[in-house]
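Visitor: To start, I am sharing the structure in question, which I have written as structure tokens.
Read the figures in this text as sums done on the coordinates, not as results from a lab. For clarity, every value in this text was computed on a predicted model and none was experimentally measured. Ideal geometry is used to build each Cβ from the backbone, glycine not excepted, and the neighbour counts take in all protein chains shown.
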Amino acid sequence: IGMVPIDAEVGGLYELLGAADAALEMARESAAETHSFDPENSQDLRLAEHYGEMRWLGRIDRALRQEQFCLYRQPIVRSAMPRVAEAPLHEVLIRMVDDDGRIISPGSFIPAAERFQLIASLDRWVVGKALELLGREVARDPKVSVALNVSGQSLGDASFHDFVAAELAASCVDPWRLCFEITETAAVSNLERARRFIMRLRERGCRFILDDFGSGMSSFAYLKNLPVDFLKIDGGFIREMLEDRSQLAIVRAIHQVGRALGLATIAEMVESRAQLDAVSEIGVDYVQGYFLRHPEPWRA
């Protein structure tokens, strides 16, 4: 049995149910008949962490209903001419706005959204909002295009595929302006559905980035089954490539494979001039990172 006191400290319905669920899980794991939830119990660290995630459920749900999310963008520029003003593509990133107007980074709420099946709702909100902003911006910048992240949950959900197709059809945005980013992990976990999603939207003109490429053990083995347009090299390799020759060799190998398959390569997490020079020397096509520009609010 999982028990939780009903008081102001627990919060709303989502938090209350989540706390009870966490207490029940702890009772099961400890082989005890009951577990009473106490957020002040310092010995119950795992439960406290779970409770912390649960407290985001109500906030995420409310933020979706009250439009307390916003979009930021970070430019992806050509490595040969890294001019931010001429960036051919921007990655779109979600942020939450709290009641005091403070911006909350996705690292705070995305783990809870993924754990408790809310990430698909966020994905849909991002697609709808991005198409709305693109529709406004096209008149000012006819070359604008953006990359939207798709979670593993949405990738494996056929109704999300239908949703994106319907939103595109209802908008005035040319499909080539949309590029979808799919992480390697999500693609491998949903390989056949990922392939169907990619094929369906590529037929309409959308493009695709395989994100965090190289992070898996069999990256190259399944690449031929995913008809993407870009490989985004896992940022961990970029971060360590100047200190570790093996990481540099991996970056070079990924770029060479991409070139052999006719795919453009992107280096993410470029945070210094030395890293930019290194990936440019290798021949990586595009770069992204704090050295070039931090994410900024998308205002259209």
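Visitor: Report the full-extension gain for the segment MET81 to ARG202: residue separation times 0.36 nm, less the Cα-Cα distance, to one decimal in nm. All intermediate terms of the calculation are to be shown ahead of the outcome.
Guide: Working: separation 121, 0.36 × 121 = 43.56 nm, distance 2.78 nm.
Result: 40.8 nm gained on full extension.
Visitor: While we're here: Rank by packing, highest mean first: peptides 138-149, 284-295, with packing defined as the count of other Cβ atoms within 10 Å averaged across residues.
Guide: Working: 138-149: 15.8, 284-295: 19.4.
Packing order, densest peptide first, comes out as 284-295, 138-149.
Visitor: Once you compute Rg and the Kirkwood Rh from C-alpha atoms, what is the Rg to Rh ratio for the stretch 48-104? Please report the intermediate quantities before stating the final value.
Guide: Details: Rg = 16.6 Å, Rh = 13.7 Å.
Here the Rg-to-Rh quotient is 1.20.
Visitor: While we're on this one: Could you give the length gained on full extension between GLN66 and ALA139, defined as 0.36 nm per residue of separation minus the Cα-Cα distance, in nm? Walk me through the intermediate numbers first.
Guide: Values: separation 73, 0.36 × 73 = 26.28 nm, distance 2.86 nm.
Residue separation times 0.36 nm, minus the Cα-Cα distance, leaves 23.4 nm.
Visitor: Tally Lys/Arg at +1 and Asp/Glu at -1 over every other residue whose Cβ is under 10 Å from the Cβ of GLU167; what's the total? Numbers along the way, then the final one.
Guide: Details: positive: ARG124; negative: GLU132, ASP162.
Result for the neighbourhood of GLU167: -1.
Visitor: Compare the peptides 104-110, 221-227, 237-243 by average per-residue count of other Cβ atoms within 10 angstrom and give them in order, highest first. Display every interim value, and only then the final one.
Guide: Numbers: 104-110: 15.4, 221-227: 13.4, 237-243: 18.4.
In decreasing order of mean packing, 104-110, 221-227, 237-243 become 237-243, 104-110, 221-227.
Visitor: Rg over Rh of the stretch 161-245, using C-alpha atoms and the Kirkwood radius, what does it come to? Intermediate values should be presented prior to the final figure.
Guide: Numbers: Rg = 14.7 Å, Rh = 13.9 Å.
Reported Rg/Rh (Cα atoms, Kirkwood Rh): 1.06.
Visitor: How big is the convex hull of the Cα atoms of the stretch 67-297, per residue, in Å³? Numbers along the way, then the final one.
Guide: On the way: hull volume 30.2 nm³, N = 231.
Cα-based convex hull of the stretch 67-297, divided per residue, equals 131 Å³.
Visitor: From the phi of every residue in the stretch 276-282, what ³J(HN,Hα) in whole Hz does the Karplus formula 6.51 cos²θ - 1.76 cosθ + 1.60 yield, where θ is phi - 60° and glycine or proline is x?
Guide: 4, 4, 5, 6, 5, 5, 5
Visitor: What is the projected area of the convex hull of the Cα atoms of the stretch 173-299, averaged over all directions, in nm²? All intermediate terms of the calculation are to be shown ahead of the outcome.
Guide: Details: hull surface 33.5 nm².
Average projection, Cα convex hull of the stretch 173-299: 8.4 nm².
Visitor: Collect residues whose amide H, placed 1.01 Å from N in the peptide plane, falls under 5 Å from the amide H of ILE76; neighbours closer than 5 in sequence don't count.
Guide: LEU89, HIS90, GLU91
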